[in-house]
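Working notes for the structure below.
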Amino acid sequence: MSRWVGKVAVVTGASAGIGAAIVEKLVQEGLIVVGFARRKERVEELAKKLQKAKGKLYAVKVDITKEDEIIEGFNWVKKNVGPVHILINNAGVAKNNSLIDGDSQKWRDVLDTNVFGLCVATREAIKDMKLNNVEGHIIHINSIAGHKVVNFPKLNVYGGSKYAVTALAETLRNELLHENLKIKVTSVSPGLVKTEIFETADSIEKAAIEGRPALTSEDVADAVWYALATPPHVEIPELTIKPLGETF
């Protein structure tokens, strides 16, 4: 894994949960990590915690639903830390809503974050990798809901957005093959993960979650590291992880 030491990784949605765990794992392993987040101050707090780690963490304020902020974020990376080698598309949201009588703005928020923002960040990362002849790695944090329709309250467009991520990962791999670019693509699809959703869930969701087996954010970070740790000739297109006993 020495090939990644000192290299630049961009992690979206880096302020909490899975994103923060991924950031911490990469910095501990010696990477230069740029955390994109709306709550920049939380990434800055994490950077202070990791001051003695092998790598380094920088915080950049980026709202992943805003194309201009994503582009500005990548411009900051180019000017201040160097070529991008890894992109972790972690930013994602789920909104309490329904398809029957749902709030259309909440649908847009989910799709703008989980699909459109992911596409823009991927485009900007690959542009930089191509310019610098980098053999990089793009990782989408997906979900089991991107592979099967899960009977869970109020998922509405979330599952559709994650099915899109599954298709986008494979479509991206095909495009990279056509252009003969040595950039890996991995979709990491966790089952239920114990993150801030447990604290912000409403009573119906909490009842559905309570007592169910769940992964930790660190489990997902370990899966990301496993995919990154493969030798240059090995690619993991899909990595699905579930807590033991999960019934979804």
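Annotation for region 195-204: at least one member residue is within 26 Å of residue 243 (Cβ to Cβ), surrounded by 15 or more Cβ atoms within 10 Å (Cβ to Cβ) and either at pLDDT 95 or above or within 15 Å of the chain's Cα centre (by Cα) (or both).
Taking region 177-187, which residues are surrounded by fewer than 18 Cβ atoms within 10 Å (Cβ to Cβ) and on the phi < 0 side of the Ramachandran plot? I'd like the intermediate steps shown before the answer.
Kept after step one, since they are surrounded by fewer than 18 Cβ atoms within 10 Å (Cβ to Cβ), are these residues of region 177-187: 177-182.
Those that are surrounded by fewer than 18 Cβ atoms within 10 Å (Cβ to Cβ) and on the phi < 0 side of the Ramachandran plot: 177, 178, 179, 181, 182.
Kindly provide the set of residues from region 214-229 that are assigned to a helix (DSSP H, G or I) and of a type in the set (A, V, I, L, M), ordered by number.
Going through region 214-229, the residues assigned to a helix (DSSP H, G or I) turn out to be 217-228.
220, 221, 223, 224, 227, 228, listed by residue number.
If you filter region 179-194 down to residues that are of a type outside the set (A, V, I, L, M) and within 23 Å of residue 152 (Cβ to Cβ), you find that the one that is modelled with the lowest pLDDT is 194. If we keep just the residues of region 69-86 that are charged (D, E, K, R) and without any contact (Cβ under 8 Å) to a residue 40 or more places away in the chain, which is surrounded by the most Cβ atoms within 10 Å (Cβ to Cβ)? Top of the filtered list is 69. Considering each residue of region 145-153 in turn, at least one proves to be touching a strand residue (DSSP E or B) at 6+ places or on another chain (Cβ under 7 Å) and surrounded by 23 or more Cβ atoms within 10 Å (Cβ to Cβ).
Any chance you could count how many residues in region 101-121 are part of a loop (DSSP other than H, G, I, E, B) and in contact (Cβ under 8 Å) with a residue 12 or more places away in the chain?
Within region 101-121, residues that are part of a loop (DSSP other than H, G, I, E, B) and in contact (Cβ under 8 Å) with a residue 12 or more places away in the chain number 1.
Evaluation of residue 113 against the conditions (1) under 15 Å from the mean Cα position of the chain (by Cα); (2) at pLDDT below 95 shows that the sole unmet condition is (2).
For every residue, the table says whether it meets (1) among the charged types (D, E, K, R); (2) farther than 23 Å from residue 7 by Cα.
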| site | (1), (2) |
| --- | --- |
| 76 | no, no |
| 85 | no, no |
| 98 | no, yes |
| 102 | no, yes |
| 126 | no, no |
| 156 | no, yes |
| 162 | yes, yes |
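Return only the number of the condition from (1) among the charged types (D, E, K, R); (2) modelled with pLDDT of 95 or more; (3) surrounded by 18 or more Cβ atoms within 10 Å (Cβ to Cβ); (4) in a loop (DSSP other than H, G, I, E, B) that residue 135 does not satisfy. Here residue 135 clears every test but (3).
Restricting attention to region 219-240 and to residues that are more than 14 Å from the chain's Cα centre (by Cα) and among the aliphatic types (A, V, I, L, M), the residue that is surrounded by the most Cβ atoms within 10 Å (Cβ to Cβ) turns out to be 236.
The values are calculated or read from the model by the stated rules, or taken from the named source; none is laboratory data. As the structure is a prediction and not an experimental result, all values here were calculated from the model. Every residue, glycine as well, gets a Cβ built from its backbone with ideal geometry; the counts of neighbours run over all protein chains shown.
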